[in-house]
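The values are calculated or read from the model by the stated rules, or taken from the named source; none is laboratory data. Every value quoted in this text rests on a predicted model; they were computed, and no experiment measured them. Quick reminder, even Gly has a Cβ in these numbers, built from the backbone with ideal geometry, and neighbours come from all protein chains shown. To get the accessible areas, we keep the full protein, side chains included, count just its heavy atoms, and leave off ligands, DNA and RNA. Shrake-Rupley method; radii C 1.70, N 1.55, O 1.52, S 1.80 Å.
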Amino acid sequence: PLHHHHHHHHHHSPFRLLKTLFLIGVCCSKITGASSSAYRRGDAFYDPLIGSKAPFRKKALTTCIAAAAWYSLSCLQIVTSGDECLVERFGMYHRKLGPGWHLVLKPFESVSFHVTTREQVLDVPPQQCYTLDNAPLRADAVVYMRINDVVAARYNVQDVMLAILNLCLTQLREEVGKLTLDESFSSRERINFALLKDLNAVASTWGVEITRVELQNMEPSRDILSAMELQMAAERKKRAAILRSEGERETFINEAEGRASATIANAEAQKQTVLLRAQAEAERQRLEADGLKTAISILAKTLYDSYGDGYQGGREKESVEGAVQFLSLIRYLETQAAFAESDGTKVLMLPSKNSLPLTYGGLQFMLDDQ
């Protein structure tokens, strides 16, 4: 299995490094021994002018050590925390390298994929979209993603970042095309959720998890933008007119209610006034009637008593009539006096037989008795 293979090589990589260095040292020593035997046999490599074999052996040994160190450094692969590497041997996937120092046997092995497993941000460029009501719209987004399976991200798709980018562009056009222009501006959360669901459904086969998708900008064309601004201005004017008319209506209603309340209060006051006046007039008339009754009784009794005992038998009615006529004469003279005291043209009507409200016989009766 791949995981077992990976752990085996990961734990024994330092020992492999030491083993390789030991083999390179053994090869260098053999080369050096072969050189010295050539010198002992007097081969053409021997230079009689130098007179010694030690400098050549030392130079060969130094060259071999330097070559071994250079090869070891070139085979060293350092992986930092948060990154992972894939190694291929003879063009086939061999193992995965985690954080740390690793030895790659070049040219037989090579690092085919070096990627971070931390969360990455993929910026989706602005894209021309069309809404459900055929309004042009430029939209861009930001995709937050994390590679969970490096092997699947390398071998299940050719370029995982480009694949996710193109997938997001396609899905963005599709989601915007499902909504009208007004709905697209008020449904950002809905579009984000739909994009996240659609991207994860495909990217999971590539070993990638999409953690978040955010719409950045949604810009309509200039003509539509100006039309929207005019529409917004008209809506604001309409709302202002409605509020103003409602305020005026409230004012009129309040004024009418105030006038009605004032009218009702005034009518109530007038009613109370009329009632009070009527009550006062009734009281006045009652008092006057009581006074008049008292006066008539006193005058009638006086007249009755004046007749004497001989005439009292049948003159009770005549004495009452005489008292009434006497009081009427006094009231008539008081009225004439009040009329004479007022301003303006005065026409005084002196008492006569026709102007007095009493009979001449009654007055003659009163005068004769006196």
Q: Take the alpha carbon gyration tensor of region 118-186, find the square roots of its eigenvalues, order them as a ≥ b ≥ c, and report rounded if a/c is under 1.5; if not, report prolate when a/b exceeds b/c, else oblate.
A: prolate
Q. Which value in nm describes the separation of the simple spin-label points at Lys301 and Asp149, placed 7 Å from the Cα toward the beta carbon?
A. 13.6 nm
Q) Among the aspartates and glutamates, which have Cα under 19 Å from the Cα of Lys317 when same-chain residues fewer than 8 positions away are ignored? A) Asp305, Asp309, Asp368, Asp369
Q: Output the Cα-based Rg and Dmax of region 233-330 in Å, rounding Rg to one decimal and Dmax to a whole number.
A: 34.3, 115
Q | Of all accessible heavy-atom area on region 80-186, the percent that carbon and sulfur account for (1.4 Å) | A | 53 percent
Q) Rounded to a whole number of µm²/s, how large is the Stokes-Einstein D of region 213-281 at 20 °C and 1.002 mPa s, given Rh as the Kirkwood radius over C-alpha pairs? A) 122 µm²/s
Q. Calculated FRET efficiency, Ala241 and Asp159, Cβ-Cβ r, R0 45 Å, to nearest 0.05?
A. 0.15
**Q.** In order through region 70-82: 3J(HN,Hα) via Karplus (6.51 cos²θ - 1.76 cosθ + 1.60), integer Hz, x for Gly, Pro
**A.** 5, 5, 5, 5, 5, 8, 7, 10, 9, 10, 7, 5, x
Q: Determine the shape class of region 83-235: with a ≥ b ≥ c the square roots of the Cα gyration tensor eigenvalues, call it rounded for a/c under 1.5, and otherwise prolate if a/b is greater than b/c, oblate otherwise.
A: prolate
(Q) Between Arg331 and Ala234, what is the label-point separation in nm under the 7 Å Cα-to-beta-carbon projection? (A) 8.4 nm
Q.
Please give the Cα centre distance for region 81-115 versus region 134-167, rounded to the nearest Å.
A. 24 Å
Q | Rough spin-label spacing in nm, given labels placed 7 Å along Cα→Cβ, for Asn134 and Leu61 | A | 8.9 nm
**Q.** Kirkwood hydrodynamic radius over Cα pairs of region 57-145, then Stokes diffusion coefficient at 10 °C and 1.306 mPa s, in µm²/s
**A.** 92 µm²/s
(Q) Can you compute the equivalent ellipsoid semi-axes for region 153-276, i.e. the square root of 5 times each eigenvalue of the Cα gyration tensor, sorted largest first and rounded to whole Å? (A) 68, 18, 8
